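K.L.:
Structure below; questions to follow.
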Amino acid sequence: MSPTMIAPVVVEENNKYQKGVKHLCDNGLTKVPTKYIWPEPDRPIFTKSDKLTKPKQNLKLPIIDFNELLGPNRSHVLRTIAEACETYGFFQVVNHGMEGDVSRNMIEVCKKFFELPYEERSKYMTSDMSAPVRYGTSFNQNKDNVFCWRDFLKLYAHPLPDYLPYWPSSPSDFRSLAATYATETKEMFEMMVKAIMESLEIDGDDNEAAKELKEGSQMVVVNCYPPCPEPELTLGMPPHSDYGFLTLLLQDDVEGLQILYRDEWVTIDPIPGSFVINVGDHLEIFSNGRYKSVLHRVLVNSTKPRISVASLHSFPLTSVVKPSPKLIDEHNPSQYMDTDFATFLQYISTREPKWKNFLESRKIHHL
Ligand code: OGA
Ligand code: NI
């Protein structure tokens, strides 16, 4: 059937889903539309029998206390970070220096943004991936066959003065609260980079990579997962790895994030006020495979809306992403091809960035 022959009712249906999950729910919903129903093997396991035979066990990720990191126990904490990045690709941080008000205000103002009328939110809808602000739904709404139960707002955040004028002007305090949040998250990221470099035993002083990362890109992604009438049929986010160096994730008190650990999906227990930090593809490559960029996904639930804010930090667009020369020698050959950002962007514009396709495509298979 040629595009001109698609029945108007089908076009109308598709447009409805393009407007996002919040819009769909605001109009009343008792069942999950077919568009959001995942094939059975991909669905979360929520069955009653599963709950009976296998009590739900959430994963307690290693907890890094920033105060300890900056004190006499630093070397011990660095070892814990290294082990967490090798084993889980994830850890949580507490006492990270961000005031509780800054993170709480960010969550609150983001909630208010998603409660604005659709017409206000949709001002930021665009398919232009390089737009400074992008509002959208699902994972990749132009390509996904099955949709995810998620709406998002993506904000480019570094250098901040270049992007701030484009950020939403409503709610009226959105820009100032989100700007404070982005700036403080960037500072936390820089402290984490220092620690990560040290944990890899790469000296701090003339560290080119750390300098590049300071100038690198930061994208703040606000995720909104409305309550779902049939959460066992769908996903908030499909299995994916994050492409950058590190992601700093703030969640509200509603659980939903799962990581793949020993071939099983395990739920991360939210610790109020903490950050979840995870290794991205760039760091897996940079560490020559020692630190793992681990698959994760998001489940939704039937009662509570969930908000999370992910801050993704990457090398600059002009950098070549490659294993650190300090970790490579004749006994430790490079495991990944050098990749510039253009190659990466080309890849995600032509292929589904789900699973770990991209990272796999960069691996060198030594015989
Ligand atoms: C992401 C992500 C997890 C969450 O934004 O890349 O994995 O809990 N978010 O929302
Ligand atoms: Ni992610």
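None of the figures in this text is laboratory data; all of them are computed from the coordinates on show. Predicted model, so just to flag it, every value in this text is computed and none were measured. Virtual Cβ from ideal backbone geometry, glycine too; neighbours counted across all protein chains shown.
K.L.:
Please sort 60-72, 209-221 by packing, taking for each peptide the average over its residues of neighbouring beta carbons within 10 angstrom, highest first.
P.N.:
Working: 60-72: 15.5, 209-221: 18.9.
For the peptides 60-72, 209-221, the packing ranking is 209-221, 60-72.
K.L.:
A further question follows. Go from 0 up to the bin containing the longest alpha carbon distance in the range 67-123, width 10 Å each, and give me the % of pairs per bin.
P.N.:
Each 10 Å bin holds this share of Cα pairs: 18, 28, 23, 19, 11, 1.
K.L.:
Remind me, what semi-axes does the range 257-349 give for its equivalent ellipsoid, largest first in whole Å, using sqrt of 5 times each Cα gyration tensor eigenvalue? Mind showing how you got there, number by number?
P.N.:
Values: eigenvalues 189, 57, 31 Å².
Those come to 31, 17, 12 Å.
K.L.:
Could you calculate the FRET efficiency of THR267 with ALA131 from 1/(1 + (r/R0)^6), where r is the beta carbon distance between them and R0 is 22 Å, rounded to 0.05?
P.N.:
Numbers: r = 33 Å, r/R0 = 1.50.
It comes to 0.10.
K.L.:
Still on this structure, please answer the following. On full extension of the chain, what length is gained from GLU119 through GLN346, given 0.36 nm per residue of separation minus the C-alpha to C-alpha distance? Don't skip to the answer; put the middle values down first.
P.N.:
Details: separation 227, 0.36 × 227 = 81.72 nm, distance 3.18 nm.
Length gained, GLU119 through GLN346: 78.5 nm.
K.L.:
Using 0.36 nm per residue, how much length does the chain from LEU260 to THR183 gain when fully extended, once their Cα-Cα distance is taken away? The partial results should precede the final answer.
P.N.:
Working: separation 77, 0.36 × 77 = 27.72 nm, distance 3.05 nm.
Difference between extended and current length: 24.7 nm.
K.L.:
Once the piece of chain linking MET191 and GLU108 is laid out straight, how much longer is it, given 0.36 nm per residue of separation minus the C-alpha distance between them? Please report the intermediate quantities before stating the final value.
P.N.:
Values: separation 83, 0.36 × 83 = 29.88 nm, distance 2.59 nm.
Roughly 27.3 nm would be gained on extension.
K.L.:
What three numbers, in Å, describe the spread of the alpha carbons of the chain along their principal axes, ordered from the longest?
P.N.:
On the principal axes, the chain reaches 62, 50, 47 Å in Cα extent.
K.L.:
Can you give me the distance in nm between label points at LYS304 and THR30, each placed 7 Å from the Cα along the Cα-to-Cβ direction?
P.N.:
Simple spin-label model gives 2.7 nm for this pair.
K.L.:
Sticking with this one: Determine the dipole magnitude for the chain: charges of +1 sit on the beta-carbon of Lys and Arg, -1 on that of Asp and Glu, nothing else is charged, the reference point is the Cα centre, and the result goes in debye to the nearest 20. The partial results should precede the final answer.
P.N.:
Working: 40 positive and 49 negative charges, 235 e Å.
Using Cβ point charges on Lys, Arg, Asp and Glu, the chain gives about 1120 debye.
K.L.:
Taking the Cα centre of the range 185-266 as origin, work out the dipole magnitude from +1 charges on Lys and Arg Cβ and -1 charges on Asp and Glu Cβ, in debye rounded to 20.
P.N.:
Working: 5 positive and 18 negative charges, 43 e Å.
Dipole magnitude for the range 185-266 comes out near 200 debye.
K.L.:
Computed FRET efficiency, Cβ-Cβ of GLN18 and LEU317, R0 41 Å: what is it to the nearest 0.05?
P.N.:
0.90
K.L.:
Still on this structure: Quick check on my link table: of LYS31/LYS112; LYS35/LYS111; LYS143/LYS292; LYS60/LYS154; LYS35/LYS363, which ones sit more than 32 Å apart, alpha carbon to alpha carbon? The partial results should precede the final answer.
P.N.:
Numbers: LYS31/LYS112 25 Å; LYS35/LYS111 25 Å; LYS143/LYS292 27 Å; LYS60/LYS154 29 Å; LYS35/LYS363 34 Å.
Beyond 32 Å: LYS35/LYS363.
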